[in-house]
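Participant: What follows is a single structure, and I will ask about it in a moment.
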Amino acid sequence: MDSISIWVAKRLAEDEERQRVKGHTEEGFLIIETRSGYEFLVAGLGVKGVIQVEQVQPFFVGANKPQLVINVPSKTLWSGAAIDCIHYEQAAFGTMRDIARAGETHSAGSFRDRNMGFFINAMEQNRNVLSISYIYESIFQVERRRGGSLIVAVIDAYNMSAEDVRNTRTRFGHFDIVVKSSSYGSITEQAEAAAESMGAQALAFKGLMQCLAR
């Protein structure tokens with residue numbers, strides 16, 4: 001096993017209430033067993049920049065293929081191409097905390113972040129939306145029938161602030177809409193002004209759906 005898989009195995013061994021490391025494959029993938037007996041394979045990365053497709057492709061060339069690919073540290077960005085590759089292989093991506101979440105589904109390869117899944121499904125169901133593609137794990141390119149394409153950033157914020165908007169721009173680059181994933185809380189006037197200064201909009205879910213429909 002590589003150093004990342006060894007580190008992950010040690011961390012999981014500290015808390016075996018929900019799952020345990022049963023062993024590893026010849027490729028170095030961890031064999032995870034949940035309390036209910038469900039088993040799945042986890043591959044580990046240690047990328048600190050942006051995770052690219054060429055860094056995940058090698059996981060899927062051998063006899064054994066992981067159902068979940070995780071990265072340490074957790075704040076590293078996943079490129080859209082890397083995400084598409086993993087999903088094409090019927091696998092999932094995430095962080096250390098997603099090992100337990102994926103195991104609870106008993107279908108680890110189908111695991112998806114609940115908030116992102118909600119927004120993707122909602123946008124796909126909008127009649128004016130043609131397609132949605134990942135730019136990063138929470139940034140999407142949305143192609144519309146009318147009105148052209150939009151880049152939508154979904155962020156985890158209770159009361160969206162100007163700092164939230166600026167941090168999103170610094171971390172992910174340009175976007176046309178920044179939307180808060182939580183249905184609770186609010187969007188401050190300062191956040192709206194900060195987005196407007198960037199040529200963007202700060203919206204809640206309802207506002208996003210109305211904007212996509214235009």
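Nothing in this text is a laboratory measurement; each read-out follows from the coordinates by a stated rule. Note that this is a predicted model, so its numbers are computed, not measured.
Participant: Taking the structure as given and computing semi-axes √(5λ) of the Cα gyration tensor in Å, which label from [x] 32, 21, 15; [y] 35, 18, 16; [z] 24, 21, 17 fits?
Facilitator: Derived directly from the coordinates: [y].
Participant: Express as a percent, rounded to the nearest 5, the fraction of DSSP beta bridges in the chain (both residues included) that run antiparallel.
Facilitator: If I count the DSSP bridges inside the chain, around 50 percent turn out antiparallel.
Participant: Kindly provide the helix-only [θ] at 222 nm of the chain, computed as the sum of -39,500 (n - 2.57) over DSSP H runs of four or more divided by all residues, to the nearest 500 deg cm²/dmol?
Facilitator: After summing the helix terms and dividing by residue count, I get -9500 deg cm²/dmol.
Participant: Quick one: which residues, 5 or more positions from VAL178 or on another chain, have an amide H under 5 Å from its amide H? H modelled 1.01 Å from N in the peptide plane, none for Pro or chain starts.
Facilitator: The list, which skips near neighbours in sequence, is ALA153, GLN201, ALA202, LEU203.
Participant: Let me ask another. Tabulate in residue order the Karplus-calculated ³J(HN,Hα) for the range 136-146, using 6.51 cos²θ - 1.76 cosθ + 1.60 with θ = phi - 60°, rounded to whole Hz; enter x for Gly and Pro.
Facilitator: So the Karplus estimates, Gly and Pro as x, are 10, 5, 10, 10, 10, 9, 10, 9, 10, 5, 10 Hz.
Participant: How big is the Kirkwood radius of the range 114-213, worked out from every pair of different alpha carbons and given in Å to one decimal?
Facilitator: 13.3 Å
Participant: Right, something else. Have a look at the DSSP beta bridges in the range 112-214 and tell me what percent are antiparallel, nearest 5.
Facilitator: Restricted to the range 112-214, the bridges split so that about 55 percent are antiparallel.
Participant: Okay, moving on. For VAL72, which sequence-distant residues (separation of 5 or more, or a different chain) have an amide H within less than 5 Å of its own amide H, given hydrogens modelled in the peptide plane?
Facilitator: Sorted by chain and number, the residues that satisfy this are LEU45, GLY46, VAL47.
Participant: Now for a separate question. Please give every one of the aspartates and glutamates within straight-line cross-link reach of LYS65, meaning a C-alpha to C-alpha distance under 18 Å, and leave out same-chain neighbours fewer than 8 residues apart.
Facilitator: Counting by Cα, and skipping residues close in sequence, LYS65 has these aspartates and glutamates nearby: ASP2, GLU26, GLU27, GLU33, GLU39, GLU54, ASP84, GLU89, ASP98.
Participant: Report the rotationally averaged projected area of the range 3-110 based on its alpha-carbon convex hull, in square nanometres.
Facilitator: With the hull built on Cα positions only, its mean projection is 6.1 nm².
Participant: Let me ask something additional. For the range 11-20, take each phi angle, set θ = phi - 60°, evaluate the Karplus expression 6.51 cos²θ - 1.76 cosθ + 1.60, and give the result in whole Hz per residue in order, putting x for glycine and proline.
Facilitator: So the J values, rounded to whole Hz, are 5, 5, 5, 6, 9, 9, 5, 9, 7, 9.
Participant: Cross-link candidates for LYS206: which lysines have Cα within less than 27 Å, leaving aside residues fewer than 8 places away along the same chain?
Facilitator: LYS180
Participant: Shifting gears a bit: Just the Cα atoms of the range 60-125: what Rg and Dmax do they give in Å?
Facilitator: For the range 60-125, the Cα radius of gyration and maximum Cα-Cα distance read 12.2, 37 Å.
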